[in-house]
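Undergrad: The following block contains the structure, expressed as structure tokens.
The values are calculated or read from the model by the stated rules, or taken from the named source; none is laboratory data. It should be emphasised that the depicted structure is a prediction, and the values quoted were computed from it without experimental measurement. Methodologically, a virtual Cβ is constructed for each residue, glycine included, from the backbone with ideal geometry; neighbour enumeration extends over all protein chains shown. What goes into the accessible areas is simple: the full protein's heavy atoms, side chains included, and nothing from ligands, DNA or RNA. Shrake-Rupley method; radii C 1.70, N 1.55, O 1.52, S 1.80 Å.
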Amino acid sequence: MDGNPKREWSLNDFEIGKPLGKGKFGRVYVAREVKSKFVVALKVIFKEQLEKYRIHHQLRREMEIQFSLQHQNVLRLYGWFHDSERVYLILEYAHNGELYKELSKKGHFNEKQAATCQGFGGLCNRSATALYILSLTKALAYCHEKHVIHRDIKPENLLLDHEGRLKIADFGWSVQSRSKRHTMCGTLDYLAPEMVENKAHDYAVDNWTLGILCYEFLYGAPPFEAESQVDTFKRIMKVDLSFPSTPNVSLEAKNLISRLLVKDSSRRLSLQRIMEHPWITKNADPKGVCN
Ligand code: AMP
């Protein structure tokens, strides 16, 4: 699987295994490339669905963006092909599935719970949560360097590979942009104030989302959750942030969250500064080899 864009793939190149899941537009199966035995995830999307929802352009944009990205924390798209009825995406296989499932199972992550790194024979004294945030920060720094804003980072879009390494998946809402954008998109709870207000926005929307995710990992729910969408909008606009007394979360983690959930996007902590933040340096060791 070298991700060669010139390579013409077909269904005959793959042995199809068990279904991995069902998304809005199709199903995902584990599959093995016949010649190399390389295991991948094959996402099958019906053309009829693409036509019904008029999302050909969005899918093409998603494929082109994801294909161009090569980072250990971004799910690889190796290639794609189609037949008369379906489009097939050849994706990196994330053996441990959605991070969201792990989060729902545990309720929230414990700040101190150790990562299950394979790098040191399974021994690692780094915190899994801090490592997730560091991996996301590194992946976003890479995306931003390539002028890609993700805009839809949420636990459902984060997958885990066989070593528990985090992978950003699903580039459906991302854009390649050098200037400020105006479209309103993304999932409500994760929206930055400038997006809620439908104002121009830039890379800093992803930094806001990192703050939301860090909060959700540690407390088990996003910070501005409310009964209705209108109330969530209001809470986001006011940055109505509070930290419950349980679970017990360190002051450093709260400090990081507070410095990301800042209304003025130009004053949010930069990705570089996140990597240098004491909560990250103490708990995730940014210079370490495994993430
Ligand atoms: P999606 O259509 O992308 O929402 O995918 C539907 C489900 O399939 C997801 O919820 C995942 O559980 C699973 N899935 C999608 N992509 C992969 C992958 N690359 N590796 C493993 N599981 C995946």
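Undergrad: Would you mind getting me the FRET efficiency between GLN49 and ASN198? Use the beta-carbon distance for r and R0 = 45 Å, nearest 0.05.
TA: 0.95
Undergrad: Also, I was wondering about something else. Please build a GNM for the chain, connecting alpha carbons under 10 Å apart, and tell me which residue among ARG165, ARG267, ARG54 fluctuates the most.
TA: ARG54
Undergrad: Out of all DSSP beta bridges in the chain, what portion is antiparallel? Express it as a percent rounded to 5.
TA: Bridges in the chain that DSSP calls antiparallel: roughly 95 percent.
Undergrad: Go ahead and estimate [θ] at 222 nm for the chain from helices alone: -39,500 (n - 2.57) per DSSP H run with n ≥ 4, summed, over the residue count, rounded to 500.
TA: -10000 deg cm²/dmol
Undergrad: Separate question: Which FRET efficiency, nearest 0.05, do ASP83 and ALA226 yield, Cβ-Cβ r, R0 41 Å?
TA: Approximately 0.35, to the nearest 0.05.
Undergrad: Using just the alpha carbons, could you tell me how many Å³ per residue the convex hull of the chain encloses?
TA: About 141 Å³ per residue, rounded to a whole number.
Undergrad: For the pair HIS56 and ASN255, how long in nm is the line joining their label points, each one 7 Å along Cα→Cβ?
TA: 5.4 nm
Undergrad: Connecting C-alpha atoms closer than 10 Å in a GNM of the chain, tell me which of GLY26, GLY164, GLY79 has the biggest fluctuation.
TA: Ranking GLY26, GLY164, GLY79 by mean-square fluctuation puts GLY26 first.
Undergrad: Counting only heavy atoms of protein chains, what accessible area per residue, in Å², does the chain have with a probe of 1.4 Å?
TA: 50 Å²
Undergrad: Still on this structure: Rg(Cα) of the range 11-92 divided by 2.2 N^0.38 Å?
TA: Relative to the 2.2 N^0.38 Å estimate, the range 11-92 comes out at 1.08.
Undergrad: Tally up the carbon and sulfur contribution to the accessible surface of the chain as a whole percent, 1.4 Å probe, everything protein left in place.
TA: Carbon and sulfur together cover 49 percent of it.
Undergrad: When the chain is modelled as a GNM with alpha-carbon springs shorter than 10 Å, which of ILE153, ILE168, ILE55 fluctuates the most?
TA: Looking only at ILE153, ILE168, ILE55, the biggest GNM fluctuation is shown by ILE55.
Undergrad: Quick one: grab Rg to one decimal and Dmax as a whole number for the range 204-291, Cα atoms only, in Å.
TA: Both quantities, over Cα of the range 204-291: 13.6, 44 Å.
Undergrad: Before anything else, pin down the relative contact order of the chain: Cα pairs under 8 Å, at least 6 apart, normalised by residue count, whole percent.
TA: Relative contact order here is 16 percent.
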